[in-house]
Amino acid sequence: MHLSTSRVASVLFTALFLLNAGTVSVNGADPIAIAHRGLLRHAPENTLPAFAVCLELGMGFELDIRTTKDGHLVVLHDDSVKRTTDGPARSVRDMTLAEIQQLDAGTWFGQSFAGLTVPTLEETLSLVKERKCGVTIIALNVKQLNRDGEAKLVALVEKYQLLEASFAFDQNAEMSHRLKLLNPKFRIGQNVNRTSIQTRIDEDFLDVFLLTGTPTSEEVNLLHDQGKQALFNFAGNGEGRRNSSVWKQVQAAGIDGILTDYPLECRTAWRDAVD
């Protein structure tokens, strides 16, 4: 991590810690909040500071993986670098890692983040290994990987000993099976709607169920009985995704984690529910 990134992460963590102090349940029974693209409402999405604060606060996070022209795995949501860097409307797959890392990935969000670079997946997983506080969940959203990239993804997760803490999702079924062949312990997730839960259980392939409907305790218990991780995909912005009653409802249902754009507010709602 560059010095400027460390400084920004430290300042951001301090401010958010003061705002969010005491929101973790003392009995450890709360689900894990998985911050969508990192703490994207407080720092540039998919950057090391946005991830570092999540880890320091005991949260997980979701990130997006793409492959550069020269075969490196980088963390960026869009195919084009234009929205979240100072670069032109150009595809990641047409740029080398050196070209991408010359871009400023922070100024678009705020001047205090000027000079941040697009992180590699290895930099990100190294950060997780170094800073994670206890149990975490790292959701690896596969946007674009070639065959070599698949092997690199599995090798990096192995290298940083994150097989149990992470899972890949959004890749097609063929890629999922190839990833499992590379390492049967590599965990595969998938978005699953309510009507498909039993079908996916019967297939006995998925490790992680990203439920797209508000989970019930019966559904969560069913998945737990099968040894599956039950998460709720509630990512997205707007008041519909900032619903404390839903957060409390899925907490009571016993889910393992929730993917959300509002992890701090969600944890506050969970704390209030048990006070």
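Laboratory data are not the source of any read-out in this text; all were calculated from the coordinates shown. Since we're looking at a predicted model, the values are computed, not measured. Neighbour counts are summed over all protein chains in view; Cβ atoms, including those assigned to glycine, are modelled from backbone coordinates with ideal geometry.
Charges at C-beta only: +1 for Lys and Arg, -1 for Asp and Glu. How large is the resulting dipole of the chain about its Cα centre, in Debye rounded to 20? The dipole of the chain has a size of about 320 debye.
Available extension along the chain between Asn146 and Glu158 is 2.5 nm, counting 0.36 nm per residue and deducting the alpha carbon span.
Taken as Cα centroids, segment 34-78 and segment 158-232 sit 21 Å apart, rounded to the nearest whole angstrom. When the Gaussian network model of the chain links Cα atoms closer than 10 Å, the mean-square fluctuations of Glu164, Glu174, Glu265 top out at Glu174. Ordering Phe205, Phe234, Phe169, Phe51 from the fewest to the most neighbouring beta carbons within 10 Å gives Phe205, Phe169, Phe234, Phe51.
As a proxy for reagent exposure, ranking Tyr262, Tyr160 by other Cβ atoms within 10 Å from fewest up yields Tyr160, Tyr262. For segment 62-139, a crude dipole built from +1 on the beta carbon of Lys and Arg and -1 on the beta carbon of Asp and Glu, taken about the Cα centre, is about 120 debye to the nearest 20.
Spacing of the modelled spin labels on Arg41 and Asn243, each 7 Å from Cα toward Cβ, amounts to 1.6 nm. For Asp94 and Gln226, the FRET efficiency from 1/(1 + (r/R0)^6), where r spans their Cβ atoms and R0 equals 41 Å, is about 0.45. If a/c stays under 1.5 just call it rounded; otherwise compare a/b with b/c (prolate if a/b is bigger, oblate if not). Do that for the chain, with a ≥ b ≥ c from the square roots of the Cα gyration tensor eigenvalues. It is oblate, given that a/c is not under 1.5 and a/b is not larger than b/c. Which whole-number percent gives the relative contact order of the chain, counting Cα pairs below 8 Å spaced six or more residues apart? Result for the chain is 19 percent.
Potential lengthening of the chain between Asn193 and Val274 amounts to 26.3 nm, from the contour at 0.36 nm per residue minus the alpha-carbon distance. Listed by chain and number, the aspartates and glutamates placed with their C-alpha closer than 17 angstrom to that of Lys129 are Glu56, Glu62, Glu158, Glu164; residues fewer than eight positions away on the same chain are left out.
Farthest towards the positive end of the charge dipole of segment 91-176, among the residues Ala98, Ile138, Trp108, is the Cα of Ile138, using unit charges on the Cβ of Lys, Arg, Asp and Glu. Rounded to 0.05, the FRET efficiency of the Ser112 and Cys133 pair, given R0 = 30 Å and the Cβ-Cβ distance, is 0.75. Using the Cβ-Cβ distance between Ala252 and Asp79 with R0 set to 41 Å, the FRET efficiency works out to roughly 0.55. Over every Cα atom in segment 54-207, the radius of gyration and the widest Cα-Cα span, Dmax, amount to 16.3, 51 Å. With all pairs of separate Cα atoms included, segment 153-275 yields a Kirkwood hydrodynamic radius of 15.4 Å. Only DSSP H runs of four or more residues enter the estimate; each adds -39500 (n - 2.57), and after division by the residues of the chain the mean residue ellipticity at 222 nm equals -11000 deg cm²/dmol. Beyond a 31 Å Cα-Cα separation, which of these cross-linked pairs lie in this structure: Lys82/Lys228; Lys159/Lys228; Lys69/Lys228? In this structure, Lys82/Lys228; Lys69/Lys228 lie more than 31 Å apart at Cα. Assigning unit charges at the beta carbon (Lys, Arg +1; Asp, Glu -1) and nothing else, what dipole magnitude in debye, to the nearest 20, does segment 125-235 show about its Cα centre? In total the dipole reaches around 480 debye. What shape does segment 104-149 have by the C-alpha gyration tensor, where a ≥ b ≥ c are the square roots of the eigenvalues, rounded means a/c under 1.5, and otherwise prolate means a/b greater than b/c and oblate the rest? Oblate is the answer for segment 104-149, as a/c is 1.5 or above yet b/c matches or exceeds a/b.
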